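Every number in this text was worked out from the coordinates using simple rules, so none of it is lab data. Everything quoted here is computed from the prediction, not taken from an experiment. Virtual Cβ from ideal backbone geometry, glycine too; neighbours counted across all protein chains shown.
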Amino acid sequence: MTFKDLITLKEIAAHDVDELFHLTEELKARPWMFSGALTGKTLAMIFEKPSTRTRVSFETAMTRLGGHAIYLSPKDTQLGRGETVTDTARVLSRYVDAVMGRVFDHGDLETLAAESSVPVINGLSDYGHPCQALADYYTLREKKGRLAGLKLSYVGDGKTNVCHSLLYGGAIMGVSVAVGCPEGYGPDPEVLSYASELGRSTGARFTEVRDAAKAVEGADAMYTDVWSSMGQEDEKKKRLSDLGSFQVNTALFDQAKPDAIFMHCLPAHRGEEVTDNVVDHARSAVLDEAENRLHVQAALLLLLIRSRVR
Ligand code: CP
Ligand code: NVA
């Protein structure tokens, strides 16, 4: 492993992904082989926002590996009373072996990583959700047997943490990503240009189009995320109206390849960004993605905690 923290995915190289996915396969197939791998190790998990999958998958991963996870919310810690992220990072580093953070401001994660002497993992920020994208690409590889040369179409709000991480991940793994979204809902242009640049070496292409059907042409996977992310609840009415024609329904799904899979990070807002019959479709991979969060993160924890680079 050549990285200490997982904050965006930019810190990961293709060989790191190979190592991570190989270990994930082992962990998923033979979990009992790793039952004591992190005995005595502790993960601190800071949650500024709610979570079902991230909390349960990280906590369960630590339990399965013989370690322990501590759930920390600002409400119950001194973070909520003004203690700085820097002081928190320095103190936690004296107790635990890794820190996972779900935060509003991505900058807080960068500070956490810079000030912690132990590995720091992004469990979602306003900018990225790298653990989600890793589990998603692991799932896509399971379904298709390969990643390089595939096309993923992302339809809906492209300015999300999940879309950004899928762009970074696609660039590393050779998966082209076409984002179909309305004006004003495109991914951060810097992420798009970084992915395009990196994609030159992996053959992946990254585009942003205003037409959902065009984004879906030739897609091996169709992905969407909620139209109002956590913290954007006040904008819900406007977002519903702006994004209405970018709903993933069977008419749109049918325009992807006949064997295309449907993907979503969950939670889904059924009837908004996606219809019931697509989430529950025979080619929907949503539950496999959710399950793979557990296996991929277990592998990540093992690699980061056991092969500390500093
Ligand atoms: N996909 C995801 O991160 O889900 P949670 O918000 O439930 O953790
Ligand atoms: N974009 C969504 C992802 C949830 C896992 C959000 O930030 O709420």
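Taking only the Cα atoms of the range 49-100, how large is their convex hull per residue, in Å³? Let's see the in-between values first.
On the way: hull volume 4.1 nm³, N = 52.
So the per-residue Cα hull volume is 79 Å³.
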Fill in the blank from the handout: Length-normalised contact order of the range 41-169, Cα under 8 Å, at least 6 apart, in percent, tallies to 22 percent
Problem - Karplus-derived 3J(HN,Hα), 6.51/-1.76/1.60, for each residue of the range 89-105, Hz, glycine and proline x - result: 4, 5, 6, 4, 4, 7, 10, 10, 9, 6, 10, 10, x, 10, 10, 6, 9
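Could you please tell me the mean projected area of the C-alpha convex hull for the range 76-181, averaged over all directions and given in square nanometres to one decimal? Kindly include the intermediate steps, with their values, before the conclusion.
On the way: hull surface 32.1 nm².
Mean shadow area of the hull around the Cα atoms is 8.0 nm².
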Problem - Taking the chain and dividing mean pair separation by its residue count, relative contact order in percent (alpha carbons under 8 Å, at least six apart) - result: 20 percent
Fill in the blank from the handout: Distribution output for the range 244-310: share of Cα-Cα pairs per 5 Å bin in percent, first bin at 0, values 3, 15, 21, 17, 12, 9, 8, 7, 6, 2, 0
Problem - Value of relative contact order over the range 99-148, rounded to a whole percent, pairs C-alpha under 8 Å and six or more apart - result: 32 percent
Fill in the blank from the handout: Given backbone amide H placed at 1.01 Å from N, residues whose amide H is under 5 Å from that of residue 209, ignoring those fewer than 5 places away on the same chain, are 179, 180, 181
Practice task
Enter the mean projected area of the convex hull around the alpha-carbon atoms of the chain, in nm², rounded to one decimal.
Solution key: 14.9 nm²
Practice task
Read phi for every residue in the range 254-269 and hand back ³J(HN,Hα) as whole Hz from Karplus 6.51 cos²θ - 1.76 cosθ + 1.60, θ = phi - 60°, with x for Gly and Pro.
Solution key: 5, 8, 7, 4, x, 9, 5, 9, 9, 10, 7, 5, 6, x, 8, 9
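Report the far tail of the P(r) of the range 90-139, meaning the percent of Cα-Cα pairs longer than 14 Å. Please list the in-between numbers first.
Numbers: 620 of 1225 pairs.
Percentage above 14 Å: 51.
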Fill in the blank from the handout: Residues whose modelled amide H sits under 5 Å from the amide H of residue 98, counting only those 5 or more places away in sequence or on another chain, are 42, 44
Completion exercise
Only helices counted: for the chain, with every DSSP H run of 4 or more residues adding -39500 (n - 2.57) and the sum spread over all residues, [θ] at 222 nm is -13000 deg cm²/dmol
Practice task
Would you mind computing, in nm to one decimal, how far apart the modelled labels at residue 193 and residue 282 are, each placed 7 Å from Cα along Cα→Cβ?
Solution key: 4.6 nm
Handout entry: Charge context of residue 45, other residues only, Cβ under 9 angstrom, K/R +1, D/E -1
Key = +1
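For each pair in 41/159; 4/28; 49/151; 159/214, compute the distance between the two Cα atoms and list the pairs where it is over 29 Å. Numbers along the way, then the final one.
Numbers: 41/159 36 Å; 4/28 23 Å; 49/151 31 Å; 159/214 19 Å.
Among 41/159; 4/28; 49/151; 159/214, the Cα-Cα distance tops 29 Å for 41/159; 49/151.
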Handout entry: Ranked 264, 129, criterion: other C-beta atoms within 10 Å, fewest first
Key = 264, 129
Handout entry: Using θ = phi - 60° and Karplus 6.51 cos²θ - 1.76 cosθ + 1.60, couplings along the range 7-19 (whole Hz; Gly, Pro as x)
Key = 10, 10, 2, 4, 7, 9, 9, 4, 5, 5, 5, 4, 5
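Computed over the Cα atoms of the range 207-277, what is the ratio Rg over Rh, Rh following Kirkwood?
Values: Rg = 12.4 Å, Rh = 12.8 Å.
My calculation of the ratio gives 0.97.
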Problem - In nm, spacing of pseudo-spin labels at residue 237 and residue 2 (7 Å Cα→C-beta vector) - result: 5.1 nm
Problem - Nearest 10 degrees, 0 to 90: helix 130-144 Cα axis against the chain principal axis - result: 60 degrees
